[in-house]
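Reading through the structure tokens given below for one structure.
Where a number appears in this text, it was derived from the coordinates with a stated rule and is not lab data. Nothing here was measured: the structure is a model prediction, and the numbers come from that model. Neighbour counts run over all protein chains shown; Cβ positions are idealised from the backbone, glycine included.
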Ligand SMILES: [Zn+2]
């Protein structure tokens, strides 16, 4: 098994990790909206002022030529933002203008490569200019300049080439990237602090006033460093962190694993392992909690109705006010959903690390009717979003680990025996085959799913009816 230990280092992939806040009180939320709006104003000013050809050289030294000047001349006061905020907005806008320029230059290089009217010498001359901003700037604003040695001996039609360069830049320079979003801003490390109080998690961030911070309740305890992009949602925020995932090791040996969404577990694998036992427990508890809560709410509802009917409006209203709060419900639901997500991700990571699959074979759930597959009790708990979430995360993790992901037709994979092909009965966790005996129902299904990958007759979109016919014919052939 030496092959299995062989690992290949692949490059670090940057990706965005999201954190979420609980609903934020109106006062703080309005203040953050104001920050976002002013932040956008700074960016748009920078775009309008510095994305033109005349500003090409200023970009390189914007800290001295723009930032320091804004401070010295009190120009920055108009933004009504703490310095850290407008400085970040300025940096972000300048960095976007930089990328615009590099896109423009790439487009020019591409056009140049295809241009048959330009000689090799002239191309080299232009490639050189595209890398030397001082010279490029001089040509764009029609100033004279001294040619460096490297290009002084090239034979070129100077006027023609300089005109061509100006024309290309005009053509490929995109429009000014004005920002219309008033819902996004960035904070950097000195502007925030993570705080833990008992079981609650917060981030404190700079407000509009010096030394005053806005404290926001987060749904999970993870802490990150570096810049955070704040995205304002409806009364809550998302915190986006750009992280570089650590190098992943990939394994070369062919190891195809079929998986089935388990009844009591998140996953059953054709290796015989089950993953995510905790999920069922978690969902059971939540269902129970919601049922209890609903029962209590129904009692209050009846009481309020009764008071209302009797004309005791104030009493009725008090009950409404105190017992039907959406906010607390929302809070708990969010917390629950976050826990479910973290259990799912934890279990999937375990799956990948233990199985080390080269390919994951899964049923195509978009094709199979969800109704046929699960009993009512399970369907209720595995709400639609969980199903979608699991599918997305498996796809994502396959991507991260460089594992192939294949969908197959799932028809009858939980109703037939993977050893002999006979139709059997399922009782809870147990699948009963009259030839082969009892086996774990979900593991049996995961074997069938794995076998479907190489099935010459049953394709991903073969109809349910057709699949049944094929399976029955196979059994008959065996008997004969
Ligand atoms: Zn069997």
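Here are the numbers for this structure:
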item	result
Backbone N within region 154-192 under 16 Å of label point (7 Å from residue 110 Cα along the Cβ vector)	168-175
Distance between modelled label sites at residue 315 and residue 124, nm, 7 Å Cα→Cβ extension	9.7
Nearest-ten-degree value, helix 313-323 long axis tilted from longest Cα axis of the chain	80
Relative contact order computed over the chain (Cα-Cα under 8 Å; 6+ residues apart), in percent	17
Estimated FRET transfer efficiency when R0 is 45 angstrom, pair residue 289-residue 253 (beta carbons, to 0.05)	0.50
Two-site label geometry, residue 465 and residue 132: point separation in nm, points 7 Å out along Cα→Cβ	7.6
Cβ-derived FRET efficiency at R0 22 Å, residue 20 paired with residue 301, nearest 0.05	0.10
Cα gyration tensor shape for the chain, rounded if a/c is under 1.5, else prolate or oblate	oblate
Mean Cβ neighbour count within 10 Å, used as a protection proxy, ranking 56-67, 288-299 highest first	56-67, 288-299
FRET efficiency, 1/(1 + (r/R0)^6) with R0 22 Å, evaluated for residue 58 and residue 159 via beta carbons	0.20
Net length gained if the chain between residue 197 and residue 385 were fully extended (0.36 nm per residue, minus Cα distance)	64.6 nm
Simple label model, 7 Å out from Cα along Cβ direction - residue 99 to residue 342, nm	3.1
Mean separation of Cα contacts under 8 Å, 6 or more apart, over the residue count of region 30-172: relative contact order %	28
Cβ-based exposure ranking for 70, 101, in which fewest neighbours within 10 Å come first	70, 101
Proxy reagent accessibility, fewest Cβ within 10 Å first, across 24, 151	151, 24
